[in-house]
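Take a look at the structure below.
The values are calculated or read from the model by the stated rules, or taken from the named source; none is laboratory data. Here the structure is a predicted model, which is why all the values come from computation and not from measurement. With ideal geometry, Cβ positions are generated from the backbone for all residues, glycine too; neighbour counts draw on all protein chains shown.
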């Protein structure tokens, strides 16, 4: 075998190794430009981080939104429980209250409790009118959280009603408060609203009862209770007076100086002045009646109304009126005397009025020019109105409709402690006319309303006290139909004058609402569906939608 050359072999290996090392270096140098691939890998990692952050943010927003939705629905649930839903789509807005009532209710600064003497379902289920009254009551509590209401079945809780001095029947509504008197002690004041106080009856029924010398309220007491009466005469109901009833009751129990108006009857009065009484009642006055022939004038009376008696008062009856005004020398009383062209001669009343410087003239007041009357020349429009006691009027230039009024003549402007003031007058072109012969009696400006004021000085102080007689020449000035007119301001004016004379706070006028048309009232089943829709269904839809969006973004 040939011997190998070790040097040659060794050299070849070295060269081989050198070649291998050189090739490896070339490979290494070729791989160095691939470093950007590592940077590309780093960019991919950063994109994943951003994707993660974006998904986490979407998830967080979804969770926050869901939490807020749950909180909103918890609040909504409480509102459902506190304020049952009623949507008023009627043209007359029978479930709403007037802006005047709303503003007044918001101003109440003492606690008022309204108790319905029945189970809610039973009360609201009696009729559409009680259903409306129930919703109106709840509306009042929404405007002022100091007004609370409760239902108390009189049959199931007889002991509850023992504390009330007023006679209370099933379905009555008690409005009460406990203001503090001058001595700092609480005084419990209550007013009971009956079923017939929640509705207005038409003129046919009112006139039918007036022929028998009784009012609707008086006859309702005679037949037993309001529910029995309505079961017989419910067909005569024409409108709702729930807002009037609640507002007047609240005004009466919260008024720091409540005023009582007593209408004297028993002398064939030519009108009951039903709307006038309603107007007073609706504005927080307590309205009473007394028969002058048999009754004494109630001690709490502040204002006395003699409404166009056809039969003259006897001397002893006028003595009651005189003592009322004198008030043991303290005065501070008001008398409204309403005359009418349909009266017979009343010499006793005439003599009494003369003591206050007043005279009711003969004939009726007529206007010469058509711009000053309506249809007939004795259907006059009065624009000459004194600024006295117009504080509650919204119209700066009021017009009063006066139908067939007798003239009221002040006998003097001042005589000792008595002064007279012309409140409402005709134009200077007016005249008086005899209703039978149509003969002209007097010419010139006439007066429809005159105030006579008698003063007295305090014995122990420098105060001055007054008793007043407001003489109105025609019953039409406060007649039912005229007071209901909106184009004339009789209603505003008479209320403003009485408020001013009695020092009462501003009253409000509420027009009765006729219930007609379709009422969209959500029932209990619909309320339940709405509640679960807002509490469960909508949140689940939002949650599922959020999860789907989150999953889709995560997998991108």
If we only count strands (runs of 3 or more DSSP E) wholly inside the range 130-206, which ones have 1 or more residues that are touching a residue at least 12 places away in the same chain (Cβ under 8 Å), over 30 Å from residue 481 (Cα atoms) and in contact with a strand residue (DSSP E or B) (Cβ under 9 Å, 6 or more places away or on another chain)? 147-151, 173-177, 189-193
Quick one: in the range 281-292, which of the residues that are modelled with pLDDT under 95 and not in a strand (DSSP E or B) is farthest from residue 406 (Cα to Cα)? 284
Unmet requirement for residue 252, which otherwise passes all of (1) surrounded by 16 or more Cβ atoms within 10 Å (Cβ to Cβ); (2) under 28 Å from residue 295 (Cα atoms); (3) out of contact with any strand residue (DSSP E or B) (no Cβ under 6 Å at 6 or more places or on another chain): (3)
Do we find a residue being part of a strand (DSSP E or B), at pLDDT 95 or above, assigned by TED's automatic domain parsing to the domain that holds residue 468 and over 39 Å from the mean Cα position of the chain (by Cα) anywhere in the range 381-398? no
Just checking: which of the helices (runs of 4 or more DSSP H) contained wholly in the range 456-556 hold 1 or more residues that are at pLDDT 65 or above and surrounded by fewer than 13 Cβ atoms within 10 Å (Cβ to Cβ)? 480-484, 524-532, 538-555
Here are 449, 402: which of them is within 30 Å of residue 207 (Cα to Cα), without any contact (Cβ under 8 Å) to a residue 60 or more places away in the chain, in a strand (DSSP E or B) and touching a strand residue (DSSP E or B) at 6+ places or on another chain (Cβ under 9 Å)? 449
Among the candidates 415, 350, single out the residue that is without any contact (Cβ under 8 Å) to a residue 24 or more places away in the chain and surrounded by fewer than 15 Cβ atoms within 10 Å (Cβ to Cβ). 350
In the range 293-327, what residues are within 37 Å of the chain's Cα centre (by Cα), closer than 27 Å to residue 191 by Cα and in a loop (DSSP other than H, G, I, E, B)? 295, 296, 297, 298, 299, 300, 301, 302
Residues of the range 433-446 classified as under 43 Å from the mean Cα position of the chain (by Cα) and surrounded by fewer than 23 Cβ atoms within 10 Å (Cβ to Cβ), total: 1
Conditions: (1) touching a residue at least 40 places away in the same chain (Cβ under 8 Å); (2) in a loop (DSSP other than H, G, I, E, B). Residue 113 meets all but one. Number of the miss? (2)
